[in-house]
2 protein chains.
Amino acid sequence: MPDLLRRAEFLLKILVERYIAEGQPLGSRTLAKQSGLDLSPATIRNAMADLEDMGLVKSPHTSAGRVPTQLGYRVFIDSLLTVQPLNAETIRQVEGEFVVGTDPQKLVETTSLLLSEVTKLASLVVVPRREEQLVFRQLDFVGLSGCRILVILVTEDGQVQNRIIDTERGYSPAELVHAANYFNDKYGGVAISEVKHILLADMQRTTEEMQRMMELALEMTRKMFVEPTDEGDDLLVSGESNLMDFPELGDIQKLRKLFDAFTAKRDLVHLLDRSMRAGGVKIFIGRESGYEALKDCSVVVAPYMVDGQVVGTLGVIGPTRMPYEHIIPFVDVTAKLLGGALSSIGR
Amino acid sequence: MPDLLRRAEFLLKILVERYIAEGQPLGSRTLAKQSGLDLSPATIRNAMADLEDMGLVKSPHTSAGRVPTQLGYRVFIDSLLTVQPLNAETIRQVEGEFVVGTDPQKLVETTSLLLSEVTKLASLVVVPRREEQLVFRQLDFVGLSGCRILVILVTEDGQVQNRIIDTERGYSPAELVHAANYFNDKYGGVAISEVKHILLADMQRTTEEMQRMMELALEMTRKMFVEPTDEGDDLLVSGESNLMDFPELGDIQKLRKLFDAFTAKRDLVHLLDRSMRAGGVKIFIGRESGYEALKDCSVVVAPYMVDGQVVGTLGVIGPTRMPYEHIIPFVDVTAKLLGGALSSIGR
DNA sequence: ATTTGGCACTCGATCACCTAGAGTGCTAAT
DNA sequence: ATTAGCACTCTAGGTGATCGAGTGCCAAAT
């Protein structure tokens, strides 16, 4: 009887929708009314019992109504959800935020704020420092006091990194300029990961004449490229405090765990990385994320692309009971818009 | 009878100390024991009634003990507190964090983390973007796509700021190098605030020959210096989630207000700025800060100096009931150490 | 003049107890 | 297959009693 199954599905849909809206367990009486079907509460009860057997809903205790289980949410999202098209005005407003030609860092920060403000959830944006994809553009050396040199590295996409390094001996301004020019001529347009290799290779067969330059170059590479550049520096989180408004996270202990996860970042980055492959929006419900701290949360993420290449992921995190029908399309377009804005910066 | 007054003071001291340690109202019985004085609870009660008249303590309700009032804390801190010298080992460990020659930004971030980790409170570090004090060192132009130029500004103290600007027309790499050299020769070592003025002045009497360069220079100044550089970008906060462990902040609503204050930042910056003048550690108790969100918190801050000049402030924020005798000296030495580490970078 | 013991009193916390209401599962009737 | 009816369960919320901690004040003691 596919008819019965269909009805059960329909009831599940209503139930999840109402529960997301109200936040309270639904009883058979209310569900009977809300469904619009001309069925008595008793019938609904039977159907609900079936849903419970299937593990899609459960009741917190004997005399409360039913709430969706994690699996229930899953089914709802995968096959029952009807996403709302974005409010046209919202779209326009959001587009306005992505002013072309802002530098990437700012752009990403704005996006993070935008996400959390519009959704009233906590937002996440990952900017993978994928050295492999970064292309070297220019290097500058600025002599500071003593043997300290400020190295400024610019990549094709307009990102700037800088770092102070200690050298074996002092260098004159002229030497620094000379060295920088040498670098820039030789390595301009080469992928950073390549630069490392080439440098190391060159170092083998260096002539006496290039000795001094290479000496500096060696120190550069070691300090600038090889030494770890603070992993975890690449996750932006905003709007965490929005989560305090949700009664289901009212337990301070839970909240504490969640906030600690935000500062630890490592796990979150890993989680978001998992969705890099996925073409579009990906949703982790409760324990699906694999992290205990997120067990009462859902994560909605989407990768964003620059020139057809996935370069990062963004999304929001909030209680499992969140308005997916609005959140999903919003995360989706934000990813697209950020990708677009970033694309227009490159060469 | 200064004798009685002295005793009352002493009792206040014990009371505050015990309350800070235990977090529970103190009754006359316990206080009689804890004080070590050979007095009966009844006597203590009389003394406590006096303290209450003076507005130094109050009882939450009739049959609870007494807790310090804001004024009580004030008196305690101003004249009764005996600060604990820092654990020698802690000092050494902390000193280890300030490795000489790290770039300023990193240094400040480390400090913020250090503060919150050691004190288990939320930490604040202000890095005032005091243009007046920044000295221009070097400028670089990197041409991006179309008319977009990446401008990199380096100041004497090793800070690097960068910005993408749109120009009226495209410039060739040679032009950019030329312009940069011109800039660097002319303005190296001049205070940023001066650069603005000189530039504007020069622009008046520019010769035809310099026209093009000045055209670029004009755009530079406008976009780089004049347009506001995101005020508020200069406050670092860490360890907010530490605050969730304090029962007195257990009220989600209060917590929410506090966290919102952290993200708003404006008020906090203003608060910290107020302590810039003070020579050493300054303490705001509860409402003294003037901000409603902080009414149950205390703020302990100290300015830090580079080359004898106050350049910023740092400190912690936590519940009024915090172990001042440890926090105060710790904030103090942290400020000194950060100042020291920053001083050693400049020329 | 201070200190103290005694005593009545107040208030919060805890517990047992009750009730109302919401919701269920099951059975028998339709 | 649906429904009405009914007994049952469980929570939320309220009441009242008790306990213990702590106070304030008075009169006695030092």
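The values are calculated or read from the model by the stated rules, or taken from the named source; none is laboratory data. What you see is a predicted model; the values in this text were computed from it and never measured. Glycine also receives a Cβ, built like all others from the backbone with ideal geometry; neighbour counts cover every protein chain displayed. The area values use the complete protein model at the heavy-atom level, side chains included, leaving out ligands, DNA and RNA. Shrake-Rupley method; radii C 1.70, N 1.55, O 1.52, S 1.80 Å.
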For a Förster distance of 30 Å, can you work out the FRET efficiency between the beta-carbons of residue A:10 and residue A:266, rounded to the nearest 0.05?
0.10
Copies compared at residue A:92 - label distances in nm, ascending, label defined 7 Å from Cα in the Cβ direction
6.8
For residue A:304, what residues show an amide H to amide H distance below 5 Å, using hydrogens built from the backbone and excluding near sequence neighbours?
A:311, A:312, A:313, A:314
Output wanted: per-residue J couplings in Hz (rounded whole) for the stretch B:7-14, from phi through Karplus 6.51 cos²θ - 1.76 cosθ + 1.60, θ = phi - 60°, x for Gly and Pro.
5, 4, 4, 4, 5, 4, 4, 4
Local charge sum around residue A:318 (other residues, Cβ-Cβ under 11 Å, Lys/Arg +1, Asp/Glu -1)?
-2
Over chain A, how many pairs of lysines fall under 23 Å by alpha carbon, counting only those 8 or more apart in sequence or from different chains?
27
For the stretch B:2-80, convex hull of alpha carbons as volume per residue, Å³
86
Mind ordering B:256-265, B:235-244 by average Cβ neighbours within 10 Å, highest first?
B:235-244, B:256-265
In whole µm²/s, the translational diffusion coefficient that Stokes-Einstein assigns to the stretch B:1-139, given a Kirkwood hydrodynamic radius over C-alpha pairs, 10 °C and 1.306 mPa s, equals 85
Distances in nm between the label point of residue A:248 (7 Å along Cα→Cβ) and its equivalents in the other copies, shortest first, are 3.4
Cα atoms only, the stretch B:272-320: Rg and Dmax in Å?
11.4, 36
Just tell me how shielded B:262-271 is by partners: mean number of partner chain Cβ atoms within 10 Å of each residue's Cβ, no decimals.
1
Using just the alpha carbons, could you tell me how many Å³ per residue the convex hull of the stretch A:230-275 encloses?
83
Report the Stokes-Einstein translational diffusion coefficient (µm² s⁻¹, integer) for the stretch A:247-339, Rh taken as the Kirkwood radius over Cα pairs, at 25 °C with viscosity 0.890 mPa s.
180
Give the long-range amide H neighbours of residue B:57: residues separated by 5 or more places, or on another chain, with amide H under 5 Å away, using H modelled in the peptide plane at 1.01 Å from N.
B:52, B:69
Could you give me the percent of Cα pairs per 5 Å distance bin for the stretch B:88-129, shortest bin first, beginning at zero and ending with the bin that holds the maximum distance?
5, 21, 28, 26, 15, 4, 1
Please give the net charge around residue B:27, taking every other residue with its beta carbon less than 13 angstrom from that of residue B:27, where Lys and Arg add +1 and Asp and Glu add -1.
+4
How many Å² of accessible surface get buried when A and B come together, counting both sides, probe radius 1.4 Å, rounded to the nearest 100?
3200
Expressed as a whole-number percentage, the relative contact order of chain A with C-alpha contacts under 8 angstrom and at least six residues apart is 19
Nm distances between copies for residue B:6, ranked from closest, using label points 7 Å along Cα→Cβ:
9.4
Largest-first ranking of A:289, A:79 by accessible area, probe 1.4 Å, whole protein assembly kept, is A:79, A:289
Shape of the stretch B:1-45 from its Cα gyration tensor (a ≥ b ≥ c, root eigenvalues): rounded if a/c is under 1.5, otherwise prolate when a/b > b/c, or oblate?
oblate
Label model pair residue A:105, residue B:182: point-to-point distance (7 angstrom along the Cα→beta-carbon line) in nm is 2.8
With viscosity set to 1.002 mPa s and temperature to 20 °C, compute the Stokes-Einstein D of chain A, Rh being the Kirkwood radius across alpha carbon pairs; µm²/s, no decimals.
91
Under the Karplus curve 6.51 cos²θ - 1.76 cosθ + 1.60, θ = phi - 60°, whole-Hz ³J(HN,Hα) for the stretch B:32-37, x wherever Gly or Pro sits
4, 5, 4, 5, x, 6
Can you pull the one-decimal nm distance between simple spin-label points at residue A:62 and residue B:336, each 7 Å off the Cα toward Cβ?
6.8
